[in-house]
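Heads up, the thing below is written out as structure tokens.
The values are calculated or read from the model by the stated rules, or taken from the named source; none is laboratory data. What you see is a predicted model; the values in this text were computed from it and never measured. Please note: Cβ atoms are built from the backbone with ideal geometry, for glycine as well, and neighbour counts cover all protein chains shown. All accessible areas refer to the heavy atoms of the entire protein, side chains included, with ligands and DNA or RNA removed. Shrake-Rupley method; radii C 1.70, N 1.55, O 1.52, S 1.80 Å.
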Amino acid sequence: MSLRSRTVGAVLALGVPFALAAVPADAAPVPEADPFVWTDLTPTYTATTDYQYEPFAVTDGYAPLGACARDTVTGEGGAGLHYVNPAHVGSLDPSAPAALLYETDGDGARALVGVEWIVRAGAGTSAPTLFGQTFQGPAKLAGVGSVYTLHAWIWKDNPSGLFAPWNPTVTCP
């Protein structure tokens, strides 16, 4: 990581909680919007800033996993393209999400929209928690098996909530 990108990441990570504090009073509240969660997410911002440029994610061990994930229940939105780092599967470290979520625009450019923590589910295991949120699942994930997951839409606003499993504003080409 270059000094410039680390500096940009640190400035962004430190500035996000203050910028979000300026949300208008009449804005619709997000059910899980504990104002301190943004401070807890600072290590996530810092760790993923460089991955806004998708080749850096690949260089650091994140590999594309399947096609763009769409919400098949409502048909609206999705979770984007998942890039998974197998070394981070099972991690509850805020600075080591197992997956990066990308959205592809009409020109094929990829934009980082969120992150996801993935923990294997097994007999007798219960869903873990992180940031005061209980993971969703268990669900089957291609190439990984039965897992619990937690999404955080830190790079693109999600009207369904910061930790919602699907983002209605994420499109799949």
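Within the stretch 143-170, how many residues are in a strand (DSSP E or B) and over 21 Å from A47 (Cα atoms)?
If we filter the stretch 143-170 for residues that are in a strand (DSSP E or B), which is where we start, we get 145-152, 167.
Going one step further and asking which of them are over 21 Å from A47 (Cα atoms), we end up with 145-148, 167.
Count: 5.
Write out, first by first residue and then by second, each pair whose Cβ atoms fall under 9 Å of each other, whose residues are 6+ apart or on separate chains, and whose first residue, in the stretch 85-111, is free of Cβ contacts under 8 Å to residues at least 24 places away in the same chain while the second is polar (S, T, N, Q) and buried (at least 17 other Cβ atoms within 10 Å of the Cβ).
Listed by first residue and then by second, the contacts come to A98/N85; A98/T149.
Right, L92: out of contact with any Gly (no Cβ under 7 Å at 6 or more places or on another chain) and in a loop (DSSP other than H, G, I, E, B) or not? I'd like the intermediate steps shown before the answer.
Details: out of contact with any Gly (no Cβ under 7 Å at 6 or more places or on another chain): yes; in a loop (DSSP other than H, G, I, E, B): yes.
Against the criterion (out of contact with any Gly (no Cβ under 7 Å at 6 or more places or on another chain) and in a loop (DSSP other than H, G, I, E, B)), L92 qualifies.
What pairs come out if I take residues in the stretch 40-57 that are open to solvent by 30 Å² or more (accessible area, probe 1.4 Å) and pair them with residues that are polar (S, T, N, Q) whose C-beta lies under 6 Å away, six or more apart or interchain?
That search, which allows pairs on different chains as well, returns P43/S95.
Yes/no matrix, rows are residues, columns are (1) assigned to a loop (DSSP other than H, G, I, E, B); (2) modelled with pLDDT of 95 or more; (3) in contact with a Pro (Cβ under 8 Å, 6 or more places away or on another chain); (4) closer than 27 Å to C172 by Cα:
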{"position": "M1", "(1), (2), (3), (4)": "yes, no, no, no"}
{"position": "R6", "(1), (2), (3), (4)": "no, no, no, no"}
{"position": "V23", "(1), (2), (3), (4)": "yes, no, no, no"}
{"position": "T46", "(1), (2), (3), (4)": "no, yes, no, yes"}
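Based on what the data block shows, is K140 in a loop (DSSP other than H, G, I, E, B), surrounded by fewer than 17 Cβ atoms within 10 Å (Cβ to Cβ) and touching a strand residue (DSSP E or B) at 6+ places or on another chain (Cβ under 7 Å)? Reasoning before the result, please.
Working: in a loop (DSSP other than H, G, I, E, B): no; surrounded by fewer than 17 Cβ atoms within 10 Å (Cβ to Cβ): yes; touching a strand residue (DSSP E or B) at 6+ places or on another chain (Cβ under 7 Å): yes.
The answer is no for K140.
Name every residue in the stretch 88-137 that is under 16 Å from D40 (Cα atoms), open to solvent by less than 30 Å² (accessible area, probe 1.4 Å) and among the aromatic types (F, W, Y), in order of residue number.
As a first pass, look at the stretch 88-137 and keep what is under 16 Å from D40 (Cα atoms): 91-97, 114-117, 129-134.
From the residues that got through so far, the ones that are open to solvent by less than 30 Å² (accessible area, probe 1.4 Å) too are 91, 96-97, 114-117, 130.
Within the stretch 88-137, just W117 meets the criteria.
Considering only residues that are open to solvent by 50 Å² or more (accessible area, probe 1.4 Å), of a type outside the set (G, A, S) and at pLDDT below 85, which ones fall in the stretch 61-87?
The answer is R70, T72, V73, T74, E76.
Considering (1) within 20 Å of P55 (Cβ to Cβ); (2) in a strand (DSSP E or B), say which one P97 fails and leave the rest.
P97 satisfies every listed condition except (2).
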